[in-house]
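J.: Next up is a structure, given as C-alpha cells.
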Amino acid sequence: MDSRLNYFGNPLAGKVLKHINSASKVVADSVLPASTQELVKIRASQINGCGFCTDMHTKDATAAGETSLRLNLVAAWREATVFTEAERAALELAEQGTRIADAAGGVTDEAWANARKHYDEDQLVALISLIAVINAYNRINVINQQPAGSYQPGQFG
C-alpha cells in the first residue's frame, strides 16, 4: 500500500504539521499522565481506522513501558479490569469526543462528570486538546491512506 501523496514531504503540509505538532507538544508536556495520553491516542485511532497512528502510539506506549496486556485490551476497555477508573473516564471521553457526529448531543453530561471526578481543570483541558489533535492527525492519515507498520518509536522526535 502506498500513500496517495507524500504528505510528510510536502512544504505546505510541513507548515500545517508544524502547528499541529506544536499543539501536540503542549499536551504531551501537560500534567495529564503520559500513559493516559497514549491510551486515548490509541483508542481514537482505532475508532477512526487510522492504522498509521495506531501503529505509532502502540509502539510508543510499549517503548514507554506499557504492557501488551493493556494495549491489547484498549479496544475492549469496558470489559477489561486492567484500567484505572481515571483511565476509563478518559477513554469514554475520547470515544464520545471522537464519535461526536454519531450522537446528536456530542459528549454526554455523564461522561463529562465522570472525567471531572478524576481530572483537574488543566488535565481536562489537556484531555480535550489531545482528543482534538489526535483526531486531526487521524483524518490526515486516513484521507491520505498513510501505510502502517513501519513506524519506529521516537521516529518523529
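J.: Any residue at all in segment 127-134 that's farther than 19 Å from GLU38 by Cβ and either surrounded by 13 or more Cβ atoms within 10 Å (Cβ to Cβ) or in contact with a Leu (Cβ under 9 Å, 6 or more places away or on another chain) (or both)?
T.: Within segment 127-134, none of the residues are farther than 19 Å from GLU38 by Cβ and either surrounded by 13 or more Cβ atoms within 10 Å (Cβ to Cβ) or in contact with a Leu (Cβ under 9 Å, 6 or more places away or on another chain) (or both).
J.: Considering GLU85, GLU38, which residue is farther than 19 Å from ILE134 by Cα, in contact with a His (Cβ under 7 Å, 6 or more places away or on another chain) and of a type outside the set (Ser, Thr, Tyr)?
T.: Details: GLU38 fails: farther than 19 Å from ILE134 by Cα.
After ruling out the rest, the residue left standing is GLU85.
J.: Filter segment 39-59 for residues that are charged (D, E, K, R) and surrounded by fewer than 22 Cβ atoms within 10 Å (Cβ to Cβ) and give the result.
T.: Within segment 39-59, ASP55, LYS59 meet the criteria.
J.: Here is a further query. Out of all the residues in segment 97-124, which are in a helix (DSSP H, G or I) and either touching a residue at least 60 places away in the same chain (Cβ under 8 Å) or open to solvent by less than 40 Å² (accessible area, probe 1.4 Å) (or both)?
T.: Those that are in a helix (DSSP H, G or I) and either touching a residue at least 60 places away in the same chain (Cβ under 8 Å) or open to solvent by less than 40 Å² (accessible area, probe 1.4 Å) (or both): GLY97, THR98, ALA111, ALA115, ASP122, GLN123, LEU124.
Listed here are the residues, each with its yes/no results for (1) among the basic types (Lys, Arg); (2) assigned to a helix (DSSP H, G or I); (3) touching a residue at least 40 places away in the same chain (Cβ under 8 Å).
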position: MET56; (1), (2), (3): no, yes, yes
position: ASP60; (1), (2), (3): no, yes, yes
position: GLU66; (1), (2), (3): no, no, no
position: LEU71; (1), (2), (3): no, yes, no
position: ALA76; (1), (2), (3): no, yes, no
position: PHE83; (1), (2), (3): no, no, yes
position: GLU87; (1), (2), (3): no, yes, yes
position: LEU91; (1), (2), (3): no, yes, yes
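The values are calculated or read from the model by the stated rules, or taken from the named source; none is laboratory data. Keep in mind that what you see is a predicted model, and the values were worked out from it rather than measured. All Cβ positions, even for glycine, are placed from backbone atoms using ideal geometry, and neighbour counts span all protein chains on display. With ligands, DNA and RNA removed, areas are computed over all heavy atoms of the protein, side chains included. Shrake-Rupley method; radii C 1.70, N 1.55, O 1.52, S 1.80 Å.
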